[in-house]
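What follows is calculated from the coordinates using simple rules that are stated; it is not laboratory data. Bear in mind that the values here come from a model prediction, so they are computed numbers and not experimental data. Glycine also receives a Cβ, built like all others from the backbone with ideal geometry; neighbour counts cover every protein chain displayed.
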Amino acid sequence: LEMEPSHSQVLPFYPAYDITQKSTLAVEDYRKVDNCCGHTQRSWLVYYCLKALVESGGGIGVDLGSGGVAMPGCISLDIVGNGETPHYGGTMRGVHIKADANDLSMFESDAFSVVIGNHIVEHIACSALPPDATTEERIRLHCSGAEVADVIRNHWLRILRPGGYLCLITPDDAPARAVGSSAFLYDPDHKHAWTAAEFYHHVLRPLMDIAEIVEFDTF
C-alpha cells in the first residue's frame, strides 16, 4: 500500500508503448486486450479498492455501472440486469444489484468503504439534453456538471463512510477536441464530455466542502 498508484506499474508490460504518442483517434476501444490506457485505469481502481478495504479493517465497496465485472471486495451494481443485453452488445452477467446509479436510496448512509465509478459519471442524465438530441446538439448543449455534482453529493458520497474513497474515471475530451472530435462521437449514451480542467471546475470543486481530492491525474 506504500506503492504509488501510477502509470509506472502498467507501462513495463507494454515496452513498445509510447506515452507521448499523438493519435488521430479521439478514443480507442478500451475492450482491446492491448489497450494500455484501459489496463492502467483498472489497476488504479484495484489499488484504491484494496487500500480502502485494508484501511477500513474489512469493509465492503460498491462498483457502480460495473458491467458485471466488479472491483475487489465490491458489490456489482448496474442498470442492466443479468441476462439482458447492454447497448454495447453481449449478455450481461455478474450483476449483484440491478439499479440506477442516479438513485442509490436503497443503501444506508456511510455503508461503503469505497465507491467505484468507472466510466459512468459521463452517463449521468442531464436535463439540458432532449432525448432525441443529435450528436451536434449534445456537444453544444451538454450540461456544465451541476446535476452530476448533485448526484455525487446526494447519492455516491452519502453512502461512503467518512475516510472512504470515491474513485472516478471519465474520458478526457481534450485530445478528442484537438483533432476536431468529441467523446460524444464514441458512445451514443454519453451525456457529458469534459476536459480534465472542466471536470475539476464543474464537478469536483462544488464537492470540496464535504470531500478531499486525494489524487487527480490524466493519462
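Shown here for segment 168-217: GluC sites (Glu not before Pro) in loop regions (DSSP other than H, G, I, E, B) with at most 15 other Cβ atoms within 10 Å, namely Glu212, Glu215. Residues whose amide H comes within less than 5 Å of that of Trp194, counting only those at least five positions distant or on another chain, are Asp173 (H built at 1.01 Å from N in the peptide plane). Under the combined filter of DSSP loop state and at most 12 neighbouring Cβ atoms within 10 Å, segment 52-113 retains these GluC sites (Glu not before Pro): Glu108. Can you list, bin by bin at 5 Å, the percent of alpha carbon pairs in the chain, starting at 0? Pairs per bin, as whole percents: 1, 7, 13, 18, 20, 19, 14, 7, 2, 0. Do the sum for the chain: with -39,500 (n - 2.57) for every DSSP H run of n ≥ 4, divided by all residues, what is the mean residue ellipticity at 222 nm, to the nearest 500 deg cm²/dmol? Result for the chain, helices only: -5500 deg cm²/dmol. Considering only Ser76, Thr195, Leu207, the residue lying farthest towards the positive end of the dipole of the chain is Ser76, judged by Cα position with unit charges set on Cβ. Taking amide H as placed 1.01 Å from N in the peptide plane, Asn82 has its amide H under 5 Å from the amide H of Val95, each at least 5 places away in sequence or on another chain. Coupling constants for segment 201-218 follow from the phi torsions by the Karplus curve (6.51 cos²θ - 1.76 cosθ + 1.60, θ = phi - 60°), and in residue order they are 6, 8, 10, 7, 4, x, 9, 6, 6, 10, 9, 10, 7, 8, 8, 9, 9, 10 Hz; glycine and proline get x.
Only Cα pairs under 8 Å and 6+ residues apart enter the sum, and on that basis the relative contact order of the chain stands at 18 percent. Isolated cysteines in the chain, defined as those with no second cysteine Cβ under 4.7 Å, comprise Cys36, Cys37, Cys49, Cys74, Cys167. Segment 71-105 and segment 130-205 have Cα centres separated by 20 Å.
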